[in-house]
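Let me give you the structure first, and then I'll get to my questions.
The values are calculated or read from the model by the stated rules, or taken from the named source; none is laboratory data. If you're wondering where the values come from, they're calculated on a predicted model, not measured in any experiment. Ideal geometry is used to build each Cβ from the backbone, glycine not excepted, and the neighbour counts take in all protein chains shown. SASA here: full protein model, heavy atoms, side chains in, ligands and nucleic acids out. Shrake-Rupley method; radii C 1.70, N 1.55, O 1.52, S 1.80 Å.
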Amino acid sequence: MRRSPVVAGAAAGLLLCGCGGHAGPRGSWPLPNRDVAGTRAAADSRIDARNVATLRARWRFRFTAKPSFSGIFASTPIVDADTVYVEDLRSSVFALDRSTGATRWTRRYRARNDGPNGLAVAGGRVYGATDSDAFALSASTGEQLWLRHLTGPTEQFVDVAPVVRGDLVYLSTVGYPRGGRGAVYGLDAANGAVRWKFVTIRDPWRFPEAGGGGLWDPVSVDAGGRVYGGNSNPAPWGGTPKHPNGGAYPGPVPYTDSLLVLDGRSGRLLWHDQVTPHDIRDYDFQDTPVLARVGPRNVVFGAGKAGRVVAWDRDTQQRLWLAVVGLHLNDLGPLPRRWVPVCPGLLGGVETPLAYADGRLFVPVVDLCARGNAVARQEITSIDPTKGRGLFIALDGRTGRRLWARRFPSPDFGCATVSNDVVFTSTYDGMVYALAVRDGRVLWHLRMRAGVNACPAVAGDLLLVGAGVPRPGGVPELVAFGL
């Protein structure tokens, strides 16, 4: 059922904390992963290893909506000119003054979205989605310019943040329902019309209880307009007494758990590579593919919940290397009928996007196991993230060799974000870390007033971090840290 948007007033729970005006180069973070290559690297930022320890809170914006399973904020803040834009997990959008955090406008949708969702800004418009509809808003006023319904009986939920390139907006649905097949969309940026649709599961399911596919994290786009996406898993994971070990979807099930490369103008599949054939452990290959020039090669890096990072040559379509990261146990082959620990588990592996800069690939990892067997499945809502740990790894982009690693006492759901010679990440317990790109030394850290499963953004001399996971006595909020 479609929801009607409602414009709200400016009262949005703002907390100010002695801020001054913005100084230094403005910088921007206009897309979910900053650029269409998905690098999450802000080379124009003033923040570096020499001054990162001087970061202090400039302003705070409080999220007041009721949290869902994933909390109330799970995406990356967007920054353009003098405004910061954020979307909460009720799909509401807030435009905040970059210097003070004061609310400029609010567009409320009241549509629960377990994320990761998020926004993009381009050409004076803010693009986003509720759980079912894509939308475009005026960046200056919040007025809704168009709304496009995307979901249906075989496509349930839009959980991905949009990417805008030229006159197209790229989004995706996921195939949660029985018989569902998630799809990637190319929408007209001017009016939201569907220019093309690519179904991410090649063939109809053999058995009616199966479903899956679709993108959780944003696409990336190369200079030739080719779109790169990481596809999700088949379901139900594990199995059933009638169809053990994924028998409801026999065979490799193209294009689950694959890197997908599409023609950006038509949506035609150009090539793909499946990382986990016949996945029975919910091992989405969901992270945004990262595009880079590494030596003489045009490279794409991908990763996901299987805890495997893969590099391909974009021109030859050949794999260059594969790196196994994090804790692994009972993660390959059929499962037994008895319950066994499975690592990575349902919320483990590489859960959130990577970053790339200066020949180094930065990988946030969650070491968190689950239980699995051949004829049943553990529900994802039964997993306690506080039982896991975090690992942050720097890999050589040319070879996949591990350069350094930093362990954390809490799962790293916070992506990687690079600012010059500093890389930021954040963990579920609310810690934000600034690490030295060269060797992983902790240069600065701070505990937020709520847990974090969102991603930092850097623009000019600001670091923006959203903490949306409730904890007793905590405050879910977006904090702008400045030099």
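Does the stretch 120-150 hold any residues that are crowded, with 19+ Cβ neighbours inside 10 Å, in contact with a Leu (Cβ under 9 Å, 6 or more places away or on another chain) and hydrophobic (A, V, I, L, M, F, W, C), and which are they?
ALA120, VAL121, ALA122, VAL126, ALA129, ALA134, PHE135, ALA136, LEU137, LEU150
Report the residue count in the stretch 160-178 for those that are modelled with pLDDT of 95 or more, in a loop (DSSP other than H, G, I, E, B) and either open to solvent by 10 Å² or more (accessible area, probe 1.4 Å) or touching a Gly at 6+ places or on another chain (Cβ under 6 Å) (or both).
4
Turning to a different aspect of this structure: Going through the stretch 301-329 one residue at a time, which ones are surrounded by fewer than 16 Cβ atoms within 10 Å (Cβ to Cβ) and farther than 14 Å from VAL363 by Cα?
Keep residues of the stretch 301-329 that are surrounded by fewer than 16 Cβ atoms within 10 Å (Cβ to Cβ), which gives 313, 315-319, 322, 324, 329.
Within the stretch 301-329, ASP313, ASP315, THR316, GLN317, GLN318, ARG319, LEU329 meet the criteria.
With respect to GLY460, determine if the residue is closer than 16 Å to ARG56 by Cα and out of contact with any Leu (no Cβ under 8 Å at 6 or more places or on another chain).
On the way: closer than 16 Å to ARG56 by Cα: yes; out of contact with any Leu (no Cβ under 8 Å at 6 or more places or on another chain): yes.
In short, yes.
I've got another one for you. Among the strands (runs of 3 or more DSSP E) contained in the stretch 1-112, which hold 1 or more residues that are at pLDDT 95 or above and open to solvent by less than 30 Å² (accessible area, probe 1.4 Å)?
On the way: elements: 6-8, 14-16, 56-62, 78-80, 83-87, 93-97, 103-108.
Result: 56-62, 78-80, 83-87, 93-97, 103-108.
Same structure again: Determine if the stretch 317-338 includes at least one residue that is under 23 Å from LEU270 (Cα atoms) and assigned to a loop (DSSP other than H, G, I, E, B).
Taking the stretch 317-338 first, the residues under 23 Å from LEU270 (Cα atoms) are 317-322.
Filter once more, so that each one left must be assigned to a loop (DSSP other than H, G, I, E, B): 317-318.
Yes, the stretch 317-338 has at least one match.
Here's a check for you: in the stretch 277-300, which residue that is surrounded by fewer than 23 Cβ atoms within 10 Å (Cβ to Cβ) and touching a Pro at 6+ places or on another chain (Cβ under 9 Å) is nearest to TYR249 (Cα to Cα)?
Here the answer is HIS278.
Just to be sure I understand, how many residues within the stretch 242-271 are under 23 Å from LYS305 (Cα atoms) and open to solvent by less than 40 Å² (accessible area, probe 1.4 Å)?
Filtering the stretch 242-271 down to residues under 23 Å from LYS305 (Cα atoms) leaves 244-262, 271.
Pick out the ones that are also open to solvent by less than 40 Å² (accessible area, probe 1.4 Å) and you get 245-249, 251, 253-262, 271.
So the answer is 17.
Does SER68 satisfy the condition of being out of contact with any strand residue (DSSP E or B) (no Cβ under 7 Å at 6 or more places or on another chain) and closer than 27 Å to VAL219 by Cα? Walk me through it before giving the result.
Numbers: out of contact with any strand residue (DSSP E or B) (no Cβ under 7 Å at 6 or more places or on another chain): yes; closer than 27 Å to VAL219 by Cα: yes.
When the stated conditions are applied, SER68 passes them.
Filter the stretch 379-406 down to the residues that are part of a strand (DSSP E or B), among the charged types (D, E, K, R) and free of Cβ contacts under 8 Å to residues at least 60 places away in the same chain, then identify the one that is surrounded by the fewest Cβ atoms within 10 Å (Cβ to Cβ). Show your work before the answer.
If we filter the stretch 379-406 for residues that are part of a strand (DSSP E or B), which is where we start, we get 389-396, 402-406.
If we keep only those that are among the charged types (D, E, K, R) as well, we get 389, 396, 402, 406.
Then keep just the ones that are free of Cβ contacts under 8 Å to residues at least 60 places away in the same chain; that gives 389, 396, 406.
Working: ARG389: 19, ASP396: 15, ARG406: 19.
Only one residue fits best here, namely ASP396.
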